[in-house]
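Okay, so here's the structure we're looking at.
What follows is calculated from the coordinates using simple rules that are stated; it is not laboratory data. These numbers come from a predicted model, not from an experiment. Cβ sites come from the backbone with ideal geometry, for glycine too, and all protein chains shown count toward neighbours.
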Ligand code: NAD
């Protein structure tokens, strides 16, 4: 298929490369020259602008930093497509409201769309093993599925427009709360004289088990692949976790739901990013709990 790909960054770059590997004809655009060069090296034809990239496309994929950029970009690219019933796939993590506005823009122009945010991080993007959470009509979902299969392993249809984003932010709110809870449990256990490995052996096979513990364990040692073993380099950046927790709080306010633990996690990551910066894996929050700097 002829696919346009906008946003060739940490996630989008490898996703576009996997589409090329699957035999698609991919034209990409990113304002950052280094991102364009890497994409070119991976077989992506680079365009001069978003509008130029989408001109002949049958499918348009966006992987951008936030909702406002997606809406601005759609303002440029939706009128620039020349095909009939072009399929727009937005895989950025954005607020539900913007996702629904973007879907309206596409529908009003006579085209189809899904929101399809992902989990799996840069590693999943490179390996082509992302999970896609999809919001949109049954028909748009069926059309998108073979394209998404070139970039991911699990593709879940979550309902109408915006529901992919709803699933993403609810999942990441759960993850943020769990990482703080897991970190507090390790710090308390150690203060009580418990060896972290012994606690891991119990909790990872007991009712406290969760991904933040058994896969992304915030203490070095028990889980070989965890960023804790490399001073929290790589992994899922604290700044991105803060972004998703803020999206969850915005959604909670709009929906009139009091997500108190989600709010506490957002506040904790806000303070943590102030102390430690946005770059390191979000499991590094344990270092602030250990040094008691999170509470000021
Ligand atoms: P990134 O900053 O590496 O990439 C975003 C790219 O979009 C940048 O290269 C930027 O130059 C480009 N861009 C900005 N405006 C553009 C425009 N108008 N047209 C074309 N390109 C444009 O970010 P990322 O880590 O690749 O994340 C992308 C999205 O995926 C975000 O919404 C993020 O929340 C989400 N996400 C990231 C991860 C992760 O682990 N990095 C995991 C899941 C979801």
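Summary of values
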| read-out | value |
| --- | --- |
| For peptides 102-110, 194-202, sequence by mean Cβ density within 10 Å, most packed first | 102-110, 194-202 |
| Alpha-carbon Rg/Rh ratio, for the stretch 101-249, with Rh computed the Kirkwood way | 1.07 |
| Rg over Rh [alpha-carbon atoms, Kirkwood Rh] for the stretch 1-50 | 0.90 |
| The chain: Rg to Rh, with Rh as the Kirkwood radius over Cα pairs | 1.01 |
| Cα pair distances exceeding 23 angstrom across the stretch 166-291, given as percent | 29 |
| Helix axis angle, 12-21 relative to the chain longest principal axis, alpha carbon, degrees | 60 |
| Acute angle (nearest 10 degrees) that the helix 260-276 long axis makes with the longest principal axis of the chain, alpha-carbon atoms | 90 |
| For 210, 158, order by how many other beta-carbon atoms lie within 10 Å, fewest first | 210, 158 |
| Degrees between helix 96-108 axis and first principal axis of the chain (Cα, 0 to 90, nearest 10) | 10 |
| Kirkwood hydrodynamic radius over Cα pairs of the stretch 1-108, then Stokes diffusion coefficient at 25 °C and 0.890 mPa s, in µm²/s | 182 |
| Between the stretch 1-61 and the stretch 113-179, the Cα center-to-center distance that results, in Å | 19 |
| Among beta bridges that DSSP assigns inside the stretch 2-159, antiparallel share in %, nearest 5 | 10 |
